[in-house]
Every structure is written in C-alpha cells, then in structure tokens.
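A short reminder: the numbers here are calculations on the coordinates, not readings from a lab. Fair warning: this is a prediction, and the values are worked out from it, not measured in the lab. Neighbour counts are summed over all protein chains in view; Cβ atoms, including those assigned to glycine, are modelled from backbone coordinates with ideal geometry.
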C-alpha cells in the first residue's frame, strides 16, 4: 500500500533511530537518509536531532503514536491498516508495530467525534498491546495514494517540481481533510485556516512565481541549537534550485564564533552566510502557528514587532558574513552628515507595525476589496491576477480575479479598474505591480550584504514609475508617495523607521 | 384609508448573508423600487463621503452602485449623488483622489460638490429633484452616539459662529444649531427613501478609523420612508433609547416624523430578537488613554468636545513614536479644567481653555536658588565671617504652552499647530500624517458650475 521508495527510506530512519541508543558515538556515523516525502539527503544523526527538537514543538510533545489508514468507501470498518509506534522521545519513531485489523474499528460516523474516537482507540491499544498512545494520525486512502504518486516521481522531479508537488499535496490533504491528527497540532490548524484564505488559489503557483523571479544565488544559513549545528545551503543557478543540509562538527562553544563563517563561506563558495540560533527561529515560528488565521491586527503587530526586533539584533541574535555594507560605521557616518540616519540596529521595531497598520486601515478602509495584478511588461502579460479581501486590517480572503475582458492585454490600471468595477459587486482599489520591481526587491533581500542606501533609492525610484507600480484610485498614502521625490521620501520615512535613541 | 392607517409608517428590517441581498430584501419589504422611482425621475441620493478614507467612513460603494442600478432599472433619468465632507476636506478633493465620478458616471450618475454650495443651493437641489433618497452608513459617533440618517443631510462643518457672544457653554450652540438646521431642512424636504446601512458597523471609536475602531458585522439594514422612524428603529436595534437621542427628542418636539413605536409597522426581521450590543465611543475625553498624555477637561461645549475627541484619537493613532519622544504633554480642554500635573507641553484646546486658565500656575515658571550678594561677599572677606545666603526667586513665562484657539478649533489647524510646536525632529509620525493630510486638503479648488438639478 505504501510506496517502496518511501518505505525503504522510512525503515532506514527507524533502523537508525533504534540503533542510536546502543551505539557509542552515533554522531560519528556517516549515514544518510532522505527527509520523508522529499528528495533531500540529510545526515541521519542530524535528522534525528532535528526531529527531537522540532517534533515536540510543532506536532506533539507526548509519547507513543498510532497511524491509521482508512478506506475512502463507507464500509463497516474503515480501517485498512494501522501501526503503533512506541516513541520514548516524542517524534523519534523506532519500530512500527502492525496492529491486527480487529484491534481498531472505525465507522464513518465516528470521525464526527474525533475526541471520542481517540479515547476508543487508546483503550483498544492499551488492552491489546499495553501501550498508552497519546496521539493518532489518520490517513485516508486518498492521501496515501497522493503521497505514493508524489514519492514515485521524486526521483525524476527537479527540485522546483518536487516543491510544487509537495505544496499541492499538503494543500489538497489538509483542505479536503485527508489527514487528521489528534490532538490537532497548532501548525495543522494554522495551515487549514491559511489554505481556507487562499480559496481557489494553489500555493504552489505563488511559490513558483516568486521562485522564478529570483536571481541566481548561493547562500547558507548556519543554525546552532543546543547540541547540534548545521548549515542549510540554498542555491539557485539557471532556474535549478538546490537545498542541502550539512552537519557541522563543531563544539557548541565554537558555533558562536564568527570566525567559522568565513571558513564555511570559502569552503562552499557561498555568496553570503547567516548564522542564527535555531531555538529562536523555532520559538518564533511556533508563535506564528499559535495564531488564529486571519491573524488579528494586534497579534500581527506583536509578530511584526518580534520579527523587526530580530532584524535589528544584528551581531547579537544573528550574524552575517560578509558583513552587510549598511552596518558599516563609516558609510553610516557619511550618510548621517547628509541627513540620512540609517542605523538598522535602531530599527523602530515597537513603532513601525502599529503605525503602518493604522495607516493601512485608514487608507484602504476596514472592509476593502483590492485587485492585485502582477504584470510582466516585457512579455506584455499578466503573471497573476488576485482579489484580496481585507477586514479589520486582516487579509481574510484571496481569490483569482478571472476577468478575461478586463485583462485583455490592457495594462492601463484605470481601464482595468473600471472594467472590474462594472462586473464586480465590490472593488475599492486596483494595484498593478510589475515583476521587474519584485525582482529588484528579491535581489535586494537575497543580497542583503550588499544593500546600500543607493539600492533602496533605486527601488523607490522604480516604484514611483507607474510602469512598475500603480494604484487606482489614488489613496492619500499613494498620492504622497508619488508626489514626493525619492530623497525627500527617504528623509520623511527614515525618522519613523529608525529610532533616535535606544528605548 | 383611515386616519389611523395614515399615521402608521412602515419600517423594514432585513438580515441576510451579504449586504446586497440585505439591501434587496429591504426594497422588497417596502414594496420594490418601483414604489419609489417613476419613469424619468430626477433622483438625488445623499450619501456619506466624509474623507478620503475607506469604508465605513464613507458609504459602501457596492451599495451605492446597487442603488444607482436599481433606480436606473426603474426608469430614473438623472441620478445625482451628494455629500458633505468633514475634517475640512473638500468633496472635490476626495473625488480627485478616489475618482468617485469616474466610477459612477458609466452607471449614469453624477457626484455633486455640496460643500461648494450654500445651504440655499442645497435646498434648491432638494426641491427640484423628483425623489430624495438617503443612504446612510451607521457608525458610532461621539456627539449623537451613532451617525443617523438625519445627520447625513447636513454638514457639521458648515456651522459658523461669527458672533462671539453666542459662543458660550450655557447655550451650547454647536449641537443645538446642528440639530435645528437639520430639522429645518427636513421640514422643507423629507427624503422619500431612507436606508440605514449597519450591515458592517464601526464600534469603539468612530466615525473615522482610529486605533480603537473595530468593524463588526451585524448583517442588518433598516429602511423606510420616514427618516425619524428609521432612525428610531435603528437606535432600538442598537440597544439605545431613542427618546434620549437629541435628534429624536427635537424631532418629537417639532412633531417631525414618527417617534411612537405603536405607529411604526416593522416589516421583516423581528426587532426584539435582533437587538445588538455595541461598544460606544468614549464619552469622557479623559477616558481616552494616550501614552504619555494627561487629559484634563473642564466644562466643555459640544463643539470643542467633538473636535477634541477627534484630535485625541488622531494623536493616539498616529503619534505612537512621537509620544515617546515628547515624554509628557497635557491637553486642557473646556472651561476651568484642572491644573496639569506637569508644566511642560501644555496644550490649551479651544477658547474656553485659553481664557479660563490665564491665571493658572502652569503659565509661570518659578525658579529659586540660593545666592550671596556681591557686597556681602566683599564684606565677608574683611570680616572673616561666613556670608548669609539669600533665596532668590525668579518668575518667568512658561514657553512650553501651546494655545489652539477657536470654538471649536478646526481639526487641520490643530494638527498643524501641534506639529509646528514640537518641531519635525520630535514628531516624525505626525509629520507624515500631516503630509498625508495635505495631499487632500491643499489642492486648489476651482468651483465648477453644476449641471442638472
């Protein structure tokens, strides 16, 4: 029932996990496995450590778990297969115990009360195997089929094809309830709510769009956690993406030493390398997953504040090599002399989110429908046309804007807006963004070490050109943005973005 | 038809899954649009276009669009839309930004710039149109609790107080004049169809969008042909006693409209089971909690209260960083407000506050220090005695006081004065807000002659 390619790799992981306690120095084993459902090869010990760290935070912190595969047809007992994993450490699966078909019996109606069903399964397993499970994973046969076909193609997929397929698989399984986890982890609920915002849009389409716009790059993020450190190397060359996880054999003390970064950069021929603490990243992500989607504005403010605080904590919470030019004291001093205070260490993390959200709310309103058009001026083409619905400052719905008449090679924002306004019940603004502008922004983010005020100035100047960014009708904020020169705009915005004092 | 039947007015309440279905149900309950629009009618629709902010500060354009379409379908020849703005923004400037005319012209409607006309010109428009409709967005309001349909017909900024003698607390002309002018207008031309849109309603702070504002979904709309009755039922729906509302009280006194529930025939959703509870605006200005700000109020006229409410909420919403930089300021509002706790950055809002605090302690700064007069110092050298120190007290005028004159002061001038007083280094957030404000307040207004009604 389960794809061989997946099963072999899974058994290899189980074998490694069960051996880890009996081997003296498991970290010295040079064994590689694939991350399940991906073609990415990873050091088995690193995967063990990452699972130990991540699984309890994101999925479930309790021991012992049962996997149940259910039939898609309404039969007396829906259970096709069931497995029991005794996990002394949450998430570390060692041995799969195949349960007899009569141990668990599930009828279609049982799925309506999952809490009761869980208790029933828990009691049955205690009775049969003497093990108390603390969570269950229910896979409908359709989910297994989808996973199998995904795994079958893994060998021939390029990285991008694999990513698109994985995103489609996740979206389909979660949206259609093909996978049920009980107790439901926050990440699962978060994804479910997130996918419901994306209505009829495939997430993979958005991933592909932004990925295709990215320039070639080769960067790495060096993560250090309690007793493991590794580098995640991301690369894109001529539209081929690559992700690699390399376990660094360094002592934790050395991990924090900045002198390692140039060495790793040189060895792997990287453009830049960032070092950060994995626990901080995990705790930030788990805070995001705890949120109810659509995220309320006050919660969004808090998350943005934390993100910006992280961004401003350069040299304390994260390091980068080569050091970003924007942090160069001499450059900053010279810019200060001509009136631009651009010290990112004093980024106003506490002010920006609240102020920006208040301005956004007053400009677009508390219930607004905005059509977002992503154009490609070079090909005279629309890359993507979306309708965004904001309510109380939160994005609550994204749908496809399928209006062939309005988008018929017509790039005039006003005309498009008028055509859409005629046919739609509610439309407040039409925003047109060209891919060239997005490319510039992506380039700026990916080459952060090279970002300077001149690059920001260039992006601002580009954004002021209606060919690259246009909004119809004008909101006061957009009118101000257009009417001010890029330099005076920077002078107006920098005192808001950067603090004068440390608070 | 008996006299009793004549006195009964119909008010429709609808509750549906989306605003347009709710609007259609209101029309159906009232007998269809054909009952209100005849062939070749010239229709004037009064809407809320208050400032170039989004919904719900302005009436929902989806609703306006639907109403224009249904009027056209029923045979209307000309449809005109009109509104007064607020915060000193001209409708023409709002139109320049939001391109309202560009959107509604293809539908066969035109936006008029009522704020460029006199009150008489409005009357002229109203009396010359065949039908007068009001589409009103209901939000919380500091002065009248809610923005009711009756308020929609007049511009609160048009109240001019040229006679300083009239500006006193006892008479409180601001609110009274507003109510009286509104009802005068109503007596001359009553609207034929009134729609109170509370499908989405702003609570907490309003009717503009502030940090404390929140949009709630009630799924409800109220409509009818008697504005007083429609507002009466709307207030009832919002769990507010209509007979405590100054507009309803005045209408009742002047016998305008129906203010007796027994004479109102409710069609559609049941009133009692549909009542909703809303978070009102903060009634007491001192309750508006602003970081590093001390708010002191004395006896405040409704005009100053109204403007101060908006100013304080703007400060709270758009001065987050500035308030940290300023590190302390006091707003004194109304007649005889209490003395501020700190003497720096004292903002006197309105003529009452300026005039009644002339003798307050914060106006003068007293500095004292111990010093030895020069003669005593010289003497002490010869006497070899320790000279006596004397206490020298100096009084000087406190320069950290900002006066915002007017009764009430205008919103735009208040923002300018505060931003100039603190200087751009101190208030970067307010500076950006001021720049944004200037995008729609500084445009040259060329009065264009209207056509049509």
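Quick look at the values:
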read-out: Within the protein assembly as shown, percent of DSSP bridges classed antiparallel, to nearest 5; value: 60
read-out: Scattering profile of the stretch B:3-274 at q = 0.07, 0.13, 0.16 Å⁻¹ [log10 I(q)/I(0), Debye over alpha-carbon scatterers]; value: -0.23, -0.84, -1.34
read-out: Using distinct alpha-carbon pairs, which all enter the 1/r mean, Kirkwood radius of the stretch B:191-323 in Å; value: 16.9
read-out: In range of the label at residue B:399: residues from the stretch B:337-360 whose backbone nitrogen is under 16 Å from the point 7 Å along Cα→Cβ; value: B:344-346
read-out: Values of log10 I(q)/I(0), in the order q = 0.13, 0.14, 0.16, 0.18 Å⁻¹, for the stretch B:285-451 under a Debye, Cα-only, solvent-free model; value: -0.69, -0.76, -0.91, -1.09
read-out: Dimensions in Å of the stretch A:86-193 - Rg and Dmax from alpha carbons; value: 16.0, 47
read-out: Overall Cα dimensions of the protein assembly as shown - principal axes, largest extent first, Å; value: 113, 96, 61
read-out: The stretch A:89-140: Cα Rg divided by the 2.2 N^0.38 Å rule of thumb; value: 1.18
read-out: DSSP bridge orientation in the stretch B:3-274 - percent antiparallel, rounded to nearest 5; value: 40
read-out: Whole-number D in µm² s⁻¹ for chain A, Kirkwood Cα-pair radius fed into Stokes-Einstein, 37 °C, 0.692 mPa s; value: 127
read-out: For q = 0.12, 0.14, 0.15, 0.18 Å⁻¹, Debye-computed log10 I/I(0) when each Cα of the stretch A:172-282 counts as one equal scatterer; value: -0.64, -0.81, -0.87, -0.98
read-out: Per-residue average of Cβ from other chains inside 10 Å of B:371-380; value: 0
read-out: Fewest-first ranking of B:44, B:382, B:55, using other Cβ atoms within 10 Å as the exposure measure; value: B:382, B:55, B:44
read-out: Kirkwood-Stokes translational diffusion coefficient of the stretch B:55-144, alpha-carbon pairs, 10 °C, 1.306 mPa s, µm²/s; value: 111
read-out: Sequence of A:472, A:207 once ranked by neighbouring C-beta atoms within 10 Å, starting from the fewest; value: A:207, A:472
